[in-house]
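This report refers to the structure that appears directly beneath it.
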Amino acid sequence: MSTTVTDPIFRATGVGCRFGGVIALDSVDFEIGRNEIVGLIGPNGSGKTTLLNVLSGIYKSTSGELEVDGRPSRFMSSRRLSRDYGLARTFQNIRLCSSLTVRENVLIGMHSRFKWYDSILPFGPGSREKKAAANVEEILEFVGIGDKADEIATDLAYGDQRRVEIARALATSPRLLLLDEPAAGMNPREARVLVDLIHRIHAERDMAVVVIEHNMNVVMNTASRVMVLDAGLCIAHGDPKTVSADPHVLEAYLGKRFRDA
Amino acid sequence: MLSFVPKPIMRIALLALVVLGFLLPNLVEPYTIRVAATILVFTVFATGLNLILGFGGLLSFGHAAMFGAGAYIAARLMLDTGMSLALVIVCSVLGTAVFGLLVGITSWRVGGDYLALITLGAGQIFYLYLNNAKEVTGGATGLPGIPPGVFFGWDLTAIENTYLFILGATIVATAFAWLIGKSFLGRSLLAIREDEVIARAHGINVPLTKVIVFGIGAGIAGLAGVLQVLLLGFVGPASFTVDQSILAVEIVLIGGMATTLGPFLGSILVIGSTEYLRSLADYRSMIFGALMVLILLWKPGGLVQILGLGETRASKATSLSALLAKLRRSGTPPSRHSAHAEPVTEEARP
């Protein structure tokens, strides 16, 4: 079952996460290579988002080992993982700053580029603020919302808010991008554009991408490798075709009756 | 209200206001100048709190202690040493900033309602200290007879000169706060106010940023303290009670959270009405209380939003309960216990 990755950027060994008596993640082994797109699927409540939260340091795992670049990362803060190890993520329930414009939201992702004295000397020629602003324009063009930079982020259409989140994650110049249900609430056309965007992020910006998604079209058209979670355990792992035909996966999604259908 | 006025005209109007401010001593009688100076002192005081409360969303009820620390440090230095005024200002601002950092360290682990209680407590401790450490602070009678300052050869004895000096300091403090608000520090504070999880996930050091903004806000309040000493020539504990802290919160909320002109507009309304509507006496607090609730409910950008002056980055809480919930959420302890910080919700999906 296990597909081994040579020289992984991220490795999880037997990772578990429980909240009191609830076992959200039982024991998951997981590797992400330096330049691949991994799909993460599973029924509701199977632990996908928990796994993402554990990877990005927002939750602490209660058992197992985590490694980023070969260093143990189980107790690293999400700030450190973002700043020093190039880990960026988006959120399932969109989390944008409602009082800020699209541009300012994306600038939040560039926080770690600034030095303390930029807070009193933000302007002037060659200032970091200007460079960052130019960079924001480029990223917004890249995700396709270049014309909406000065609008209040939460006033945008749902699909565009998702793109602002992706833009903000890209602004941290990550090496590993975690996308939590990027296609949620998108119509089929928007979802196709998203698939393109994920491919372009992967190809042009040279980073590993993990996609959690319920929309099978998105997963099957982007991921080179898919992992299926159910009840906190990895039940299948491999290329998209094999996984979608796996009897365990069919059972998890559709029930026992459909196992052999 | 004024948002239909084109931007260049607004800029010219603002410039005209500043010029008028500088010409004011030639136009009105000393009493009005004194009121104007008081308004400016409170503008600086509230500018400090605006960074903490307006940008950072950290509810502090102890800001009068910072104001007082600046005033007492300045008073002691001016009475005991022959220091030049510039040096006194530097010492007071830095001293108050250190005091603010110490209070701010409590925000490392607590937030929301608890932080409000801790700052309230710090303010009360400071007030009791002022009343009881008679050798240092003069006790309840305070420190009278502080000599008027001389700023690089400019004698501030006359009220006109004191006013002009305070006006200059107000402009400097406002410009400083504007720069902070425009910079990455202002943005990270707004991000922390809106959602600490995203702030952390994008590389922002949340606890450190909170402590730093407490230090900066306290430093600015310390400057206001020095200006108060210059204006009154006297310090006493009565100027630094919890009432004054609440007054500052009122000014920030009514003027407009996270705006540049908010503290000034709020001061005009709150302090100006104290001076000119004395007949209203205690009804004043009632009116401002109601006004504060109305602003939080419908116009979170305060007077700046109502008048349509400049951008509004106030929290878009559509109801008071949402704002309170937001403040309370920011009190959730950070990551180590964050199992409940983000509810694990899965959207139902066909």
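The values are calculated or read from the model by the stated rules, or taken from the named source; none is laboratory data. Not measured: the values here are computed from a predicted model. A quick note on method: Cβ atoms are made from the backbone with ideal geometry, for glycine too, and the neighbour counts reach across all protein chains shown. Just the protein is used for accessible areas: all its heavy atoms, side chains included, with ligands, DNA and RNA removed. Shrake-Rupley method; radii C 1.70, N 1.55, O 1.52, S 1.80 Å.
What the table below lists for this structure:
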read-out: Residue within region B:200-219 that is aliphatic (A, V, I, L, M), at pLDDT below 90 and more than 30 Å from A:TYR85 (Cα to Cα) present; value: no
read-out: Failed condition for B:PHE55, given (1) hydrophobic (A, V, I, L, M, F, W, C); (2) at pLDDT 95 or above; (3) under 14 Å from the mean Cα position of the chain (by Cα); value: (2)
read-out: Counted residues, region B:138-172 - those being in contact with a strand residue (DSSP E or B) (Cβ under 8 Å, 6 or more places away or on another chain), assigned to a loop (DSSP other than H, G, I, E, B) and on the phi < 0 side of the Ramachandran plot; value: 3
read-out: Test set (1) over 30 Å from B:GLY301 (Cβ atoms); (2) within 13 Å of chain A (Cβ to nearest Cβ) - B:TYR127 fails condition number; value: (2)
read-out: Filter result for the condition that a residue is under 22 Å from B:THR137 (Cβ atoms) and either of a type in the set (Lys, Arg) or surrounded by 24 or more Cβ atoms within 10 Å (Cβ to Cβ) (or both), over B:ALA64, B:ALA46; value: B:ALA64
read-out: Within region B:178-192, considering residues that are more than 7 Å from chain A (Cβ to nearest Cβ) and open to solvent by less than 20 Å² (accessible area, probe 1.4 Å), the one farthest from A:LEU87 (Cα to Cα); value: B:GLY181
read-out: Residue among B:ALA199, B:ALA175 that is assigned to a helix (DSSP H, G or I) and either surrounded by 24 or more Cβ atoms within 10 Å (Cβ to Cβ) or at positive phi (or both); value: B:ALA199
read-out: Count of residues meeting criterion [open to solvent by 40 Å² or more (accessible area, probe 1.4 Å) and assigned to a helix (DSSP H, G or I)] in region B:94-122; value: 13
read-out: Residue match in region B:263-283 (condition: surrounded by 21 or more Cβ atoms within 10 Å (Cβ to Cβ), modelled with pLDDT under 85 and among the small types (Gly, Ala, Ser)); value: no
read-out: A:ARG103 vs. criteria at negative phi, open to solvent by 60 Å² or more (accessible area, probe 1.4 Å) and not aliphatic (A, V, I, L, M); value: no
read-out: Residue within region B:261-280 that is under 29 Å from B:PHE99 (Cβ atoms), small (Gly, Ala, Ser) and within 13 Å of chain A (Cβ to nearest Cβ) present; value: no
read-out: Residues of region A:38-87 classified as among the aliphatic types (A, V, I, L, M), in a loop (DSSP other than H, G, I, E, B) and open to solvent by less than 10 Å² (accessible area, probe 1.4 Å), total; value: 1
read-out: One residue from A:LYS241, A:LYS256 being in the same structural domain as A:GLY42 (by the TED database), under 20 Å from A:GLU31 (Cα atoms) and free of Cβ contacts under 8 Å to residues at least 60 places away in the same chain; value: A:LYS241
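For (1) at the interface with another protein chain (Cβ under 9 Å from one of its Cβ atoms); (2) under 24 Å from A:GLY144 (Cβ atoms), each residue gets a yes or a no:
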residue	(1), (2)
A:TYR59	yes, no
A:GLU65	no, no
A:VAL68	no, no
A:PRO72	no, no
A:MET76	no, no
A:ARG83	yes, no
A:ALA88	yes, yes
A:ASN105	yes, yes
A:ASP118	yes, no
